[in-house]
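Following: one structure in structure tokens, then a few remarks.
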Amino acid sequence: MMSLPEISQLFVADGWLVALMQGALITLQISAGAFVLGLGIGLVVAMIKLKGPRWLVKLANCYTTLYRAVPELLLILLLYYAGTDFLNAALASLGQPSVQVNGFIAAVVVLGIVQGAYSAEIIRGAVQAIPFGQIEAARSFGIERVLLLRRVILPSMLPYAMGGLSNLWLVLIKDSALISVVGYSELLSVGKQAAGSTKHYLAFYLAVAAFYFAITLLSNVVFQLIERHSNRWMPKH
């Protein structure tokens with residue numbers, strides 16, 4: 001067991017605590033960006049599945065089936081490397097030089113595309129849970145589709161979706177660690193570097209676990225507040 005002065009030296013004096021905090025911030029930034037992108041993709045895909053033409057519905061079903069069936073690590077590798085190759089091939093065909101894809105943007109886009117498949121099913125189920133009379137009443141007043149979506153469907157489906165979306169966020173926090181395989185440093189990657197550099201594997205892996213646990217607790221508080229706010233008009237049983 002390490003003594004308190006040794007822990008202080010390792011984490012504070014040697015600067016590893018600051019490095020872990022920076023890694024945790026990057027994890028949150030990647031997760032937040034991917035979560036927002038995934039929600040946007042999921043909303044579009046869910047609306048297509050509910051009301052789109054048949055050929056678009058088939059494409060949407062292929063997207064959600066594929067991205068939920070293939071392991072996420074494999075999808076990240078394929079999207080990152082194949083996506084980079086496709087972009088550079090397109091640039092080469094236009095006579096432009098190849099580019100190096102920004103690691104942060106790539107992480108957000110790759111995780112966002114993967115999470116979009118899961119959020120689409122959550123949103124679709126939540127929309128189907130809305131009492132049909134609410135939507136019919138809005139349509140009877142001649143409300144346009146965009147306004148109907150923004151003022152009726154989205155607020156009404158949020159209470160039904162919050163449980164699934166909160167779970168999706170927590171899974172995304174953990175999945176962000178997979179981005180380290182394409183060379184971008186986040187919390188777990190920093191913890192690995194610290195453990196390998198100092199040979200104090202247990203101390204740093206426990207520290208990383210503590211950071212993830214703290215993020216989870218904070219996330220639960222935030223989602224509870226959002227859920228309480230979104231449920232304020234729901235009937236009490």
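The values are calculated or read from the model by the stated rules, or taken from the named source; none is laboratory data. Small disclaimer: the values here were computed from a predicted structure and weren't measured. Every residue, glycine as well, gets a Cβ built from its backbone with ideal geometry; the counts of neighbours run over all protein chains shown.
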Checklist entry - Do the conditions hold for Thr198, that is, is it farther than 18 Å from Leu111 by Cα and modelled with pLDDT of 85 or more? => result no
Checklist entry - closer than 25 Å to Ala210 by Cα, without any contact (Cβ under 8 Å) to a residue 24 or more places away in the chain, small (Gly, Ala, Ser) and surrounded by 14 or more Cβ atoms within 10 Å (Cβ to Cβ) - does that describe any residue in the stretch 17-36? => result yes
Next on the checklist: Take the residues in the stretch 88-113 that are touching a Leu at 6+ places or on another chain (Cβ under 9 Å) and farther than 13 Å from Gly33 by Cβ; name whichever of them is surrounded by the most Cβ atoms within 10 Å (Cβ to Cβ).
Outcome noted: Val101
Item to check | Check on Pro159, at pLDDT 80 or above and either in a helix (DSSP H, G or I) or farther than 30 Å from Trp16 by Cβ (or both) | outcome: yes
Checklist outcome for this item: The correct count of residues that are part of a helix (DSSP H, G or I) and either of a type in the set (Val, Ile, Thr) or free of Cβ contacts under 8 Å to residues at least 40 places away in the same chain (or both) in the stretch 93-140 is 21
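Kindly establish whether Leu149 is in contact with a helix residue (DSSP H, G or I) (Cβ under 8 Å, 6 or more places away or on another chain), within 18 Å of Val36 (Cα to Cα) and at pLDDT below 80.
It is true that Leu149 is in contact with a helix residue (DSSP H, G or I) (Cβ under 8 Å, 6 or more places away or on another chain), within 18 Å of Val36 (Cα to Cα) and at pLDDT below 80.
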Checklist entry - If you check Ala195 against the conditions, is it surrounded by 12 or more Cβ atoms within 10 Å (Cβ to Cβ) and more than 23 Å from the chain's Cα centre (by Cα)? => result yes
Checklist entry - Name the pairs whose Cβ atoms lie under 6 Å apart, with the first residue in the stretch 190-219 and without any contact (Cβ under 8 Å) to a residue 12 or more places away in the chain and within 14 Å of Leu20 (Cα to Cα), the second buried (at least 19 other Cβ atoms within 10 Å of the Cβ) and among the basic types (Lys, Arg), and 6 or more positions between them or separate chains? => result none
Checklist outcome for this item: The residue from Ile122, Ile105, Ile143, Ile113 that alone is hydrophobic (A, V, I, L, M, F, W, C) and in contact with a helix residue (DSSP H, G or I) (Cβ under 6 Å, 6 or more places away or on another chain) is Ile122
Next on the checklist: Go through the stretch 162-181 and report how many residues are crowded, with 22+ Cβ neighbours inside 10 Å and modelled with pLDDT under 85.
Outcome noted: 1
Checklist entry - Taking Tyr184 and the conditions (1) surrounded by 12 or more Cβ atoms within 10 Å (Cβ to Cβ); (2) part of a helix (DSSP H, G or I), which numbered condition does it fall short on, given that it satisfies the others? => result (2)
Item to check | So Ala203, is it in a helix (DSSP H, G or I), surrounded by 12 or more Cβ atoms within 10 Å (Cβ to Cβ) and at pLDDT 80 or above | outcome: yes
Checklist entry - Does Ala161 fit the bill of being within 21 Å of Val45 (Cβ to Cβ) and either free of Cβ contacts under 8 Å to residues at least 60 places away in the same chain or of a type outside the set (Gly, Ala, Ser) (or both)? => result yes
